[in-house]
Amino acid sequence: MTVVTESREPRTGRLGIAGWMLFDWAAQPFFTVITTFIFGPYLVSRLTEDHAAGQAAWSYTLTIAGIAIALLAPVMGSIADASGARKPWIAVFAVVKILSLAALWQAAPGSSLPFAMAMIVLATVAAEFSIVFNDSMMPRLVKPEDTGRVSNIAWGLGYLGGMIVLIAVVALIAANPDTGKTALGISPLFGLNPATGEDARITGPISAAWYFVFILPMFLFTPDQSKGLPITAAVRAGFSDLSATLRDLKNRPGILRFLIARMIYQDGVNGLLALGGTFAAGMFAWQTFELGIYGIILNVVAIGGCLYASRLDKRLGSKIVVVMSLVCLTLATIGIVSTGPGFTLFGLIPLPTADSGGLFGTAAEKAYILYGLLIGVAFGPVQASARSYLARSIHPDEAGRYFGLYALSGRATSFLAPLSVALITTATGSARLGMMALIAFLVVGLLLLLRTPYPAAKVEA
């Protein structure tokens, strides 16, 4: 078996690496304010008649997007290797993402739910395909021993970007339903009317504008690979290379096991990130204001978690960081689904039901936030260190196809977690029982990862 040459030098300077890292900064507000804390909960609570139906609709939306990504991401990765240049593809998907996000402004209460769902599907698919091309650039930009540090710092920058946008929404746009004022005590900017959901709907255009501005440094300063085959030939070669890569996986059992483990646990992670805010919105009747504050708290913790994990990854390795993160996420999910008005841990610990007034006034809400801190610590490193785990295990020339499979592993069965939540919620009428399905995905993925070598495979530079 051949071995990675750890002394391989990076092929770009600091400015180029910084441009690459800013992609996460540009991309994260979509996931923070759209899918997790603001627009997703708005769709659940305002575009449908009841919480259970809303959660089911949101889950089906994520399911459709996940299936599309699972079917096409590996092909996109193989096409990336064949075509060479990544930036043109990122530009195409940026246009789709930006236009879809801008269209969310039209999703007023009483408007077409399928339209809003379709725009979320398009934006999600475009976002994930862009990530495939961006991630596949990393092995050529960074020395193998630095991938974990750079990946975690980039992920931390992403959360910082998401938090800044979220703070801006809460401080300047989202009004407290009791006072009609934002967190700064002012009326929402631009005369936005929370009664018609404008404080939530504006997050679509804001995320679109943020993404457009901050992906520019990557285009300007980060070196791309030289062009390979023309588009048509690259597509044909991409399908051929994908078939060869899938056949080659049987000779690389470590990578195969890693991808399967990630496929399962990432389902749980994706479900937790996408549905955690909507679950709280239904259980505690949190509005945009409360969800925004909750999101800010989680993002502050997430930034610290990523920065600390960047050191742990270099010292202990990516696998240890991912395992520790999965343990935290499992405990957090158990805590969240076991908490309700007047109790936590499935009633083993009763909580007072009195509301002290103000933000998060009940004991159950405070307990929910405590469990959320565990999510904040772990959900950045579990993804950033998994990215570096794979980068340490492959050759730069095959980065596109394997990061395509990596995206596949994050999405191939990603419809199962939200679909399980949706079906159980629909069958039982209980959002709590539906959310409990996420625990199984996290635990099974963790157990499989424990038996996976690190690096997953060793190759020659």
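The values are calculated or read from the model by the stated rules, or taken from the named source; none is laboratory data. These numbers come from a predicted model, not from an experiment. When we count neighbours, we look across all protein chains shown, and the Cβ atoms used for this are built from the backbone with ideal geometry, even at glycine. Accessible surface areas use protein heavy atoms only, side chains included; no ligands, DNA or RNA. Shrake-Rupley method; radii C 1.70, N 1.55, O 1.52, S 1.80 Å.
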Just one of the numbered conditions (1) over 23 Å from PRO217 (Cα atoms); (2) within 18 Å of the chain's Cα centre (by Cα) is not true of SER45; which one? (2)
ALA127 part of a helix (DSSP H, G or I), in contact with a Lys or Arg (Cβ under 7 Å, 6 or more places away or on another chain) and at pLDDT 85 or above: yes
Can you pull out the residues in the stretch 48-72 that are buried (at least 24 other Cβ atoms within 10 Å of the Cβ) and at pLDDT 75 or above? GLY54, TRP58, SER59, THR61, LEU62, ALA65, GLY66, ILE69
Please state which of the following conditions THR413 fails to meet, knowing it meets all the rest: (1) among the β-branched types (Val, Ile, Thr); (2) surrounded by fewer than 24 Cβ atoms within 10 Å (Cβ to Cβ); (3) modelled with pLDDT of 70 or more. (3)
Filter result (over 24 Å from VAL421 (Cα atoms) and either open to solvent by 70 Å² or more (accessible area, probe 1.4 Å) or among the basic types (Lys, Arg) (or both)) within the stretch 300-347: VAL300, LEU307, TYR308, ARG311, LYS314, ARG315, LEU316, LYS319, ILE320, MET324
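Of LEU438, LEU446, LEU423, which residue is assigned to a helix (DSSP H, G or I), more than 28 Å from LEU316 (Cβ to Cβ) and either in contact with a His (Cβ under 8 Å, 6 or more places away or on another chain) or modelled with pLDDT of 80 or more (or both)? Reasoning before the result, please.
Details: LEU438 fails: more than 28 Å from LEU316 (Cβ to Cβ); LEU446 fails: more than 28 Å from LEU316 (Cβ to Cβ).
Checking each option against the conditions leaves just LEU423.
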Restricting the first residue to the stretch 149-160 and requiring it to be closer than 10 Å to ASN299 by Cα and open to solvent by 10 Å² or more (accessible area, probe 1.4 Å), which pairs with a second residue that is at pLDDT below 85 and of a type outside the set (Ser, Thr, Tyr) meet a Cβ separation below 7 Å and a spacing of at least six or different chains? LEU160/ILE303
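With among the aromatic types (Phe, Trp, Tyr), part of a helix (DSSP H, G or I) and at pLDDT below 85 as the only criterion, which of PHE279, PHE258 stands out? Reasoning before the result, please.
On the way: PHE258 fails: at pLDDT below 85.
The match here is PHE279.
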Restricting the stretch 233-252 to residues that are at pLDDT 65 or above and open to solvent by 80 Å² or more (accessible area, probe 1.4 Å), the one nearest to LEU22 (Cα to Cα) turns out to be LEU246
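Going by the conditions given, is ARG201 touching a Ser or Thr at 6+ places or on another chain (Cβ under 9 Å) and at pLDDT 85 or above?
On the way: touching a Ser or Thr at 6+ places or on another chain (Cβ under 9 Å): no; at pLDDT 85 or above: yes.
Here the answer is no, as ARG201 does not meet what is asked.
Within the stretch 70-81, is even one residue without any contact (Cβ under 8 Å) to a residue 12 or more places away in the chain and part of a helix (DSSP H, G or I)?
Yes: the stretch 70-81 contains one or more residues that are without any contact (Cβ under 8 Å) to a residue 12 or more places away in the chain and part of a helix (DSSP H, G or I).
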What pairs come out if I take residues in the stretch 95-109 that are open to solvent by less than 10 Å² (accessible area, probe 1.4 Å) and pair them with residues that are outside any helix (DSSP H, G or I) whose C-beta lies under 9 Å away, six or more apart or interchain? LEU104/ILE202; ALA107/LEU47; ALA107/GLY197
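Give the residue, chosen from PRO188, PRO144, that is touching a residue at least 24 places away in the same chain (Cβ under 8 Å) and either open to solvent by less than 30 Å² (accessible area, probe 1.4 Å) or over 19 Å from CYS306 (Cβ atoms) (or both). Quick ask: steps written out before the conclusion?
On the way: PRO188 fails: touching a residue at least 24 places away in the same chain (Cβ under 8 Å).
Going through PRO188, PRO144 in turn, just one is touching a residue at least 24 places away in the same chain (Cβ under 8 Å) and either open to solvent by less than 30 Å² (accessible area, probe 1.4 Å) or over 19 Å from CYS306 (Cβ atoms) (or both): PRO144.
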